[in-house]
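Below is one structure, written out as structure tokens, with a few remarks after it.
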Amino acid sequence: MNPGPRAAKPAHFDVDRLIDDRRIRIVVTCGSGGVGKTTTAAAIALRAAERGRRAVVLTIDPARRLAQSMGLSELDNTPRAVKGVDAAAGGSLDAMMLDMKRTFDEVVEDHTTPDRAKQILANPFYQALSSSFAGTQEYMAMEKLGQLRARSDWDLIVVDTPPARSALDFLDAPERLGSFLDGRLIRLLGGTARAGGRTYLKVLHAGFNVVTSALTKVLGGELLRDVSTFVNALDTMFGGFRERAEQTYALLKRPETAFIVVAAPEHDALREASYFVDRLGRDAMPLAGLVLNRVHASSAAGIGAEQAVAAAERLESDEGGSHALTAALLRLHADRLKLAARDERIGERFSGSHPEVPVTRIPALAGDVHDLDGLRQIGALFDAG
Amino acid sequence: MGDWEGVRLHVVTGKGGTGKTTVAGALAMALAAGGRRVLIAEVEERQGLAQLFDVPPLAYQEQRVASASGGGEVYALAIDAREAMHEYLAMFYRLGRAGRALDKLGFVDFATTIAPGLRDVLLTGKAYEATRRRTGDHHAYDAIVLDAPPTGRIVRFLDVTTSVSSLARVGPINRQANSITDLIHSPRTAVHVVTLLEDMPVQETADAVAELQAAHIPVGAVVVNQARPPHLATRSLPAARRGRLDHDDVLSGLRAAGLPATDAVVDVLTREAADHAERTALEKTQRALVDDLGRPVYELPRIADGIDPTALYELAEALAEQGAV
């Protein structure tokens, strides 16, 4: 069934109003991979800075040339001033690239004695965990966000989220890592189950043997020993991981935060966007709007797609191709209309199920964006979109 | 005889948003043409194949999703690490029901968390198993197409030897990882990279090709997806780009076609042509970079109406015409 009559056009997402609102301190861009999330985050941060905000953008994995254009040639986990920003309105822009391993190391160092920290940092299991665990990047992005927010150097933090299969990973992964590190299985492995844990241990003892023996068979004894040493060294930090993740999660729920969902007019990308919007709603997290990138715009020439194709066919078939140029232009025009109609349809489907989400459309640009001027151009399109 | 005679495992990767699932689907259809049986598998729990073939969500069970031209069949499977682990525990450790019970304790999540490489071994292991499976004296499938993770993660995903170096040094997992490694580094495997003719996807394609080669994993073709149709003749492009097409020529063409022939219409068409010409020029630069990679290149047209099962036949056809099968 169709959802009734044609969905009304959604409200325009006014990005400028958002970044001009001084109460907004954190902007998070999220969306599935390949939709222009990083570029959108950088464009928003630059525009905010040039409209007078003292902004910092935290990027996770920027394209090389975009990173270079922002002076991010090194990954040193510290915000650096971006050169070439127009400071006439009193704003500024810093940028940084997340180094997840270093951020993780710092968390460990901050929460335990130097001796213990050294022990943990040298543990092979820790090294694997801090550089390749599927949720570490997300956890550390949140951790870094918390750190930046605690400083008073900026009045706006724009966070790009890690490239993930699903946009939801950004919200779920930190909790996953937190509960994993605080979890029962890992504590049992470390042999650190204490008060309260004893009865649990007894009850589960039989089951536990099955678990450890299966783990040993599958993973090998060596890895389990590393895990166990790691867990014991981490003892004082237990509870801390989940708590920290929860604190940042709470920060994301505050009205000073605005989520921007980024998508391209593709079914996959908009389905992810839908999931994400629903999730934000369920968790009462503040969604500002949807940025729809790479939209094909149609220009009204008063000629429909089918009409153009039919006319092109006529021109191509008669009198020795003397109107080849016009025929080619008509075919181009028809393609463009079709692409625009398809984008429109896909966008409408999203807005039909989420009429409350304001949308701004960014037209597909002919070239790639890899300098401040390109970012500025996109920023200007926020206004026009 | 196509370019990939002897290849049993076709791995398809690409930057997010380049349409690697679509290309994997088209490749499966092309490989199946002429009465062959092909399995296409996804590993990212996205249900992208169900979408593509327009069927209900796939389970951990091979299911026929399309017939190819000439009586071929395409089967699809959504590989799930948890299910693969159960299969595995049941097969090698005879942990049938106990394996399921372990699930209540979060065993699989836990094991794949403390050893991320284990997950990849489980996922690639299932594809490996399908390449070897036999019915009677035939292979169960003539080819396997794996819709793999994106370029950024592809080498880590496929290079399971490195992933399992932290795992058990002996035992079935280790043996299996070694067999997978043998297959993946052999001429029976080809990793195809999907790209668009844009800066970032091409850059990532070049990076992925270099990384794969460094890891001694055979690189297959580069598939240029969503190529712009060359409506405008090459000789008209420079003028089009500068917005200096022959105004009167277009005007008279419109008149001949019985369309509204006004200056406004000509202006719109000229602007569109300028935009097209600019993109075409950019694409030409990117295409040169793709050609420099020294791999076979296939080009698939952009389907303006969006991808549906019919479009998939068209794309499969295009791959076949260019020698992919």
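Residue-wise test of (1) assigned to a loop (DSSP other than H, G, I, E, B); (2) in contact (Cβ under 8 Å) with a residue 40 or more places away in the chain; (3) of a type in the set (Val, Ile, Thr).
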position: A:ARG47; (1), (2), (3): no, yes, no
position: A:ASP61; (1), (2), (3): yes, yes, no
position: A:LEU66; (1), (2), (3): no, yes, no
position: A:GLY71; (1), (2), (3): yes, no, no
position: A:ASP76; (1), (2), (3): yes, no, no
position: A:LYS83; (1), (2), (3): yes, no, no
position: A:ALA87; (1), (2), (3): yes, no, no
position: A:GLY90; (1), (2), (3): yes, no, no
position: A:LYS101; (1), (2), (3): no, no, no
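Selection of the range B:263-279 for residues being more than 7 Å from chain A (Cβ to nearest Cβ) and in contact with a helix residue (DSSP H, G or I) (Cβ under 8 Å, 6 or more places away or on another chain) yields B:ASP263, B:VAL266, B:THR270, B:ALA274, B:ALA277. The residues listed here are A:ASP268, A:ASP226; of these, the one that is over 15 Å from A:LEU171 (Cα atoms), assigned by TED's automatic domain parsing to the domain that holds A:ALA41 and acidic (Asp, Glu) is A:ASP268. Among the residues making up the range B:164-181, a single one is at pLDDT 85 or above and under 12 Å from B:LEU118 (Cα atoms): B:ALA177. Quick one: how many residues across the range B:233-259 are outside any helix (DSSP H, G or I), at the interface with another protein chain (Cβ under 8 Å from one of its Cβ atoms) and surrounded by 13 or more Cβ atoms within 10 Å (Cβ to Cβ)? The number of residues fulfilling the criteria is 4.
B:GLU272 falls short on exactly one of the conditions (1) surrounded by fewer than 16 Cβ atoms within 10 Å (Cβ to Cβ); (2) closer than 20 Å to A:SER298 by Cα; (3) acidic (Asp, Glu), and that condition is (1). Test A:ALA269 against the stated conditions and say whether it is crowded, with 23+ Cβ neighbours inside 10 Å and facing chain B (nearest Cβ under 8 Å). Taking the combined requirement at face value, the residue satisfies it.
Of the residues B:LEU58, B:LEU52, B:LEU77, the single one that is modelled with pLDDT of 85 or more and in a strand (DSSP E or B) is B:LEU77.
Residues checked against (1) away from chain B (no Cβ under 14 Å); (2) assigned to a strand (DSSP E or B); (3) surrounded by 13 or more Cβ atoms within 10 Å (Cβ to Cβ); (4) touching a Leu at 6+ places or on another chain (Cβ under 7 Å):
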residue	(1), (2), (3), (4)
A:VAL277	yes, no, yes, yes
A:LEU280	yes, no, yes, yes
A:VAL291	yes, yes, yes, no
A:ARG294	no, yes, yes, no
A:GLU316	no, no, yes, no
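Just name the residue that is farthest from the other protein chains (Cβ to nearest Cβ) out of those in the range B:284-310 that are in a helix (DSSP H, G or I) and surrounded by 19 or more Cβ atoms within 10 Å (Cβ to Cβ). The qualifying residue farthest from the other protein chains (Cβ to nearest Cβ) is B:VAL290. Of all the numbered requirements in (1) modelled with pLDDT of 95 or more; (2) crowded, with 21+ Cβ neighbours inside 10 Å, A:ARG25 misses one, and that requirement is (2).
Return the residues of the range A:347-378 that are crowded, with 20+ Cβ neighbours inside 10 Å, in contact with a helix residue (DSSP H, G or I) (Cβ under 7 Å, 6 or more places away or on another chain) and either within 26 Å of A:TYR275 (Cβ to Cβ) or not assigned by TED's automatic domain parsing to the domain that holds A:LEU46 (or both); say none if nothing qualifies. Selection gives A:PHE350, A:HIS354, A:VAL357, A:VAL359, A:THR360, A:ILE362, A:ILE378.
The values are calculated or read from the model by the stated rules, or taken from the named source; none is laboratory data. Computed from a prediction, not measured in an experiment: that's the story for all the values here. Cβ: placed from backbone, ideal geometry, glycine included. Neighbour counts: every protein chain shown.
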